[in-house]
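Reading through the structure tokens given below for one structure.
The values are calculated or read from the model by the stated rules, or taken from the named source; none is laboratory data. All values derive from a computational prediction rather than experimental measurement. Neighbour counts are summed over all protein chains in view; Cβ atoms, including those assigned to glycine, are modelled from backbone coordinates with ideal geometry. Side chains are part of the model used for accessible areas, which takes the heavy atoms of the whole protein and leaves out ligands, DNA and RNA. Shrake-Rupley method; radii C 1.70, N 1.55, O 1.52, S 1.80 Å.
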Amino acid sequence: MKDLKLFDAEYKLMDIIWELEPINSTELTRICQNKLGWKKSTTYTMIRKLSNRGILQNENATVTALVKRDQVRKYESETLLEEKFEGSLPVFLATFLQGRKLSKSEAQELQKLIEEATK
Amino acid sequence: MSRLFVTVFNMSLTASYVALVVIFIRMLLKKLPKVFSYMLWAVVWFRLVCPVSIESPLSLVPAESPIPYSIANSINPDLQFSVENIGNALNHSVNPSVPFADSIASLNKTGIMELATAVWLIGIAVLLCYSISSYFKLSLRLSTATLYKENIYETDRINTPFVFGFIRPKIFIPTGLAQNELDYILKHEQVHIKRKDHIIKPLAFLAVVLHWFNPLIWYCFFLMSKDMEMSCDERVLIESKEDIRASYSNSLLSLSVKQSGILMPLTFGESNVKARIKNVLNFKKPLLWKVFIAAILVAVVSVVLMTNPNENGRGNVFSNTVSFFKQFNRDSSLAAAEKFLKYKTEYVGNAPKVGNIIYLLAFPEKVSYDHFELYTDSVPYAVTVYLMTDTQTINYYAQTLDQSLFEKNAIIMFSLIGNVDYINFNLTDGKSDYLVQYTRDDANAIIGRDVREFSEGKQEFAELLKKLDAIKEN
């Protein structure tokens, strides 16, 4: 599995890119300056680092994500399951539902997901 | 450079004395707001970095500069650690006003002083490099921190909140702090910024770097940081309308678990959590009269420790001990004066007396007295004292401006030998000679009056010897 572990700062940058891609890199530094308080050089360093890891690409001053938000979320949830719940989904769900009630619509949605996954 | 080191060493000794007093006063102020303890450290800092100080009759600081500068210049070949020296050193630690300069001055310095100075400078360089590199490392780590609001940034690369930066300080917080925790932390850090603690702490650390060889100063830095944090906690509590002691302590505790134990001189890192929680929980808004008394105490202690004693007034508890040692010094210089005065003569032609005077003179250890010649045929009358030494010492005296030892001896001879006009010292290593010449006018000019007047009595001559000791240091 490809390493998709993102630090807080990296995730925040990707958040902006996912929203606005494809985006001009100069434009991106401007947005990062406003939203994240980053210097130009910091944004460029981050772009270079993430493009080396194959998470985004920067061609002709245009930045696009190579990894979708869903992939990162999938990676995050799988590592969480592996590290904290011995890879067992039922254990995870049981812990998650401890002292917590599901709403009707939530329960229906979950049921649908389970049915689709077991087809 | 050696001279600079001696200056810093003397400052370190004075500051240590002041620090011990501050540590004692701090214990008296234990129940009062910590801001008073925090302020007291300013005096120690002043003593650590400021070589000159204001004189005042109110001073409680010992007067004598513990180690004379001449230690850096004089040349004595071998080290003598004797019981006597250790005894003196012990005396000194019991009462800082004992000048143990004499024993130190009689120790060897060539090489040793240079070595000590080099070690001192290397230590400073190492500490500075370490702090600067850890500053830049941290600044690199913080570059990706993201704006939270105003001057507050968050990042998942740190475990504990702190203020970073000098000119435009920013508050850095770890990601994922609970909202109520965050409130206290931000208030705490904002108080730090408001009080300029982010500048004070590095300045304090610089003083520690300068005096790194003194463990007491490191301990002071630790105590000062503690007082700084505690007084900052107290300010947050005072400014809050409700009683937030319990929840504030909780925030301190939850952050303490995550902290790492590295020395980070330039940041705030939450230190001394246990003591701080105790302090927070016991905190009550102080009564006005207590604050008033503490403020006066701090002001008095500051004046008394910041200034040096001046000549005429020392109406204080130390005057007894000081006068005891002055008495002691006077007795020993009276004895020396008596010996010299036995050989007082009006005529340079009185060879036995002149010889005995020269015999009583003190020369550096590598320099030994060989013989003397008298020029008594016609005016000007002169005495030449021939001294044996090694090449190194000759070169030293040929280069240095410090001729105080010869100067001192010449003045003694001018005072005791009535009609001598020139005193010459001829230093030889068997190959080359180095000649130092003094005239009677030189001697009178240095002392400021006719030096012969001092040979009129024991008291006067003892006074002259004391004056000469003072010359030695300049």
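Figures for the structure shown
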| quantity | calculated |
| --- | --- |
| Where A:GLY87 falls short, out of the listed (1) more than 18 Å from B:THR146 (Cβ to Cβ); (2) out of contact with any helix residue (DSSP H, G or I) (no Cβ under 6 Å at 6 or more places or on another chain) | (2) |
| Criterion (among the acidic types (Asp, Glu), at pLDDT 85 or above and open to solvent by 40 Å² or more (accessible area, probe 1.4 Å)) met by exactly one of A:GLU19, A:GLU86 | A:GLU19 |
| Selected residue [part of a loop (DSSP other than H, G, I, E, B), more than 25 Å from B:LYS466 (Cβ to Cβ), touching a residue at least 12 places away in the same chain (Cβ under 8 Å) and touching a helix residue (DSSP H, G or I) at 6+ places or on another chain (Cβ under 8 Å)] from B:VAL348, B:VAL379 | B:VAL348 |
| Top-ranked residue of segment A:22-66 - restricted to ones that are in contact (Cβ under 8 Å) with a residue 40 or more places away in the chain and under 15 Å from the mean Cα position of the chain (by Cα), ranked as farthest from the other protein chains (Cβ to nearest Cβ) | A:THR64 |
| Count - residues of segment B:376-406 that are at pLDDT 85 or above and either in contact with a Cys (Cβ under 9 Å, 6 or more places away or on another chain) or among the aromatic types (Phe, Trp, Tyr) (or both) | 2 |
| Any hit, segment B:377-386, residues being within 37 Å of the chain's Cα centre (by Cα) and at negative phi | no |
| Residue list for segment B:191-206, restricted to those being surrounded by fewer than 20 Cβ atoms within 10 Å (Cβ to Cβ), more than 29 Å from B:PHE9 (Cβ to Cβ) and touching a residue at least 12 places away in the same chain (Cβ under 8 Å) | B:VAL191, B:ILE193, B:ARG195 |
| Scan of segment B:207-218 for residues that are open to solvent by 10 Å² or more (accessible area, probe 1.4 Å) and in contact with a helix residue (DSSP H, G or I) (Cβ under 8 Å, 6 or more places away or on another chain), ordered by number | B:LEU210, B:TRP212, B:PHE213, B:ASN214, B:LEU216, B:TRP218 |
| So A:SER105, is it out of contact with any helix residue (DSSP H, G or I) (no Cβ under 8 Å at 6 or more places or on another chain), open to solvent by less than 90 Å² (accessible area, probe 1.4 Å) and within 14 Å of chain B (Cβ to nearest Cβ) | no |
| Checklist (1) at pLDDT below 85; (2) open to solvent by less than 70 Å² (accessible area, probe 1.4 Å); (3) not charged (D, E, K, R) applied to B:ASN474, failing item | (2) |
| First in segment A:3-16 and more than 10 Å from every other protein chain (Cβ to nearest Cβ) and touching a residue at least 40 places away in the same chain (Cβ under 8 Å), second anywhere and open to solvent by 50 Å² or more (accessible area, probe 1.4 Å) and not in a helix (DSSP H, G or I), Cβ under 8 Å, 6 or more apart | A:ASP3/A:ARG53 |
| Subset of segment B:413-425 that is in contact with a Phe, Trp or Tyr (Cβ under 7 Å, 6 or more places away or on another chain) and open to solvent by less than 10 Å² (accessible area, probe 1.4 Å) - its residue that is nearest to B:LYS467 (Cα to Cα) | B:SER415 |
| Elements of type strands (runs of 3 or more DSSP E) contained in segment B:137-216, each with 3 or more residues being more than 14 Å from chain A (Cβ to nearest Cβ) and under 20 Å from B:VAL35 (Cβ atoms) | none |
| Conditions (1) open to solvent by less than 20 Å² (accessible area, probe 1.4 Å); (2) closer than 22 Å to B:ALA462 by Cα: number failed by B:LEU387 | (2) |
| Residue count for segment B:141-186, restricted to those that are touching a Pro at 6+ places or on another chain (Cβ under 6 Å), open to solvent by 10 Å² or more (accessible area, probe 1.4 Å) and either modelled with pLDDT of 85 or more or of a type in the set (Gly, Ala, Ser) (or both) | 0 |
| Search result, residues across segment A:70-81 that are surrounded by 14 or more Cβ atoms within 10 Å (Cβ to Cβ) and free of Cβ contacts under 8 Å to residues at least 60 places away in the same chain | A:LEU81 |
| Of all residues making up segment B:1-15, the number that are within 17 Å of B:TRP45 (Cβ to Cβ) and either without any contact (Cβ under 8 Å) to a residue 12 or more places away in the chain or not in a helix (DSSP H, G or I) (or both) | 0 |
| Scan of segment B:121-136 for residues that are open to solvent by 20 Å² or more (accessible area, probe 1.4 Å) and either assigned to a strand (DSSP E or B) or closer than 23 Å to B:GLU229 by Cβ (or both), ordered by number | B:LEU127, B:TYR130, B:SER134, B:TYR135 |
| Single condition B:VAL298 does not satisfy, out of (1) among the hydrophobic types (A, V, I, L, M, F, W, C); (2) touching a strand residue (DSSP E or B) at 6+ places or on another chain (Cβ under 7 Å); (3) modelled with pLDDT of 70 or more | (2) |
